[in-house]
Structures are given as C-alpha cells and as structure tokens.
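Everything below concerns the one structure shown next.
Throughout, read-outs are computed from the coordinates displayed, never taken from laboratory work. Model, not experiment: these values are computed from the prediction. Positions of Cβ are generated from backbone atoms using ideal geometry, with glycine treated the same way; all protein chains shown enter the neighbour counts.
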Amino acid sequence: MLCAVYKSIRKSQTYLFIAKRDNFEPVPDALLTQFGPPALVSMLNIKADSKLAMTDANTVIQSIEKDGFYLQLPPPPVDYLEEHKKWRKKQLGIFNETD
C-alpha cells in the first residue's frame, strides 16, 4: 500500500499516515487541529512484511483501509527513577541470597 507520511510540527515524534498525498479528508478536524500543519516526510510503499520503526506494518495498513489514516504517537517516556529502583531491588535481592 502506497501511503504518505506526515510529521507534526507541534507534537514531537507524532506521524500521520494517509492513503493519498495531501488528502486529509478522512482525518477528523479535531485531530488535524491538534496535529498542526502536516509536514510531508516520505512516501512509503508498505507491505505486510515491511519493517517499521515504531509499529507493525499490518496495523498501519488495516487502519488506513478502515479509517483512512493511521496516527503514530511517540513512545511513553521512560521513568528512569522507577527503572533504577527495580534494578536496585533486584541487586539487593541477589546480594541477600548469597549471605
């Protein structure tokens, strides 16, 4: 499936995939308002076995066929403090087991 990929100038790491270049008709107005003026990034020929960085190709294809667009949001932020606490708890558990 050939599709156009646009990035948001307002929302970092947010991309909009649509079936036809510059045809935003299927995209809800509220979404376009939040997205801001779209900036064309690329034209992609996505196939079921295509490797995409942040999502599954089948998900994109199905969403475009069903809704006319696919919105890719940025990954959730990593809570480094929480990750450190989990790591530290694991390390302390290993340390206590060797006593």
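Summed over qualifying helices (DSSP H, 4 residues or more, each -39500 (n - 2.57)) and divided by its residue number, the chain shows a 222 nm mean residue ellipticity of -11500 deg cm²/dmol. Of Leu73, Leu44, Leu52, the residue with the greatest mean-square motion in the GNM of the chain, using alpha carbon springs below 10 Å, is Leu52. Lysine pair count for the chain (Cα-Cα distance under 23 Å; residues 8 or more apart in sequence or on different chains): 10.
Working note: Debye formula, equal point scatterers on the alpha-carbon atoms of the chain, no solvent; log10 I(q)/I(0) at q = 0.10, 0.16, 0.21, 0.23 Å⁻¹ is -0.41, -0.69, -1.03, -1.18. Across segment 7-14, rounded Karplus estimates of 3J(HN,Hα) from the backbone phi angles (6.51 cos²θ - 1.76 cosθ + 1.60, θ = phi - 60°) give 9, 8, 8, 9, 10, 4, 6, 10 Hz, Gly and Pro being marked x.
The angle separating the long axis of helix 80-97 from the principal Cα axis of greatest extent in the chain is about 30 degrees. Between 0 and 90 degrees, rounded to the nearest ten: what's the tilt of helix 57-67 against the longest Cα principal axis of the chain? That helix lies at roughly 50 degrees to the long axis.
Of Val5, Val78, Val27, the sequence from fewest to most neighbouring Cβ atoms within 10 angstrom is Val78, Val27, Val5.
When you filter the trypsin sites (Lys or Arg not before Pro) in segment 1-70 for DSSP loop state and at most 11 other Cβ atoms inside 10 Å of their Cβ, you are left with Arg10, Lys47. When only Cα pairs below 8 angstrom with a gap of at least 6 residues are kept, segment 2-97 shows a relative contact order of 31 percent.
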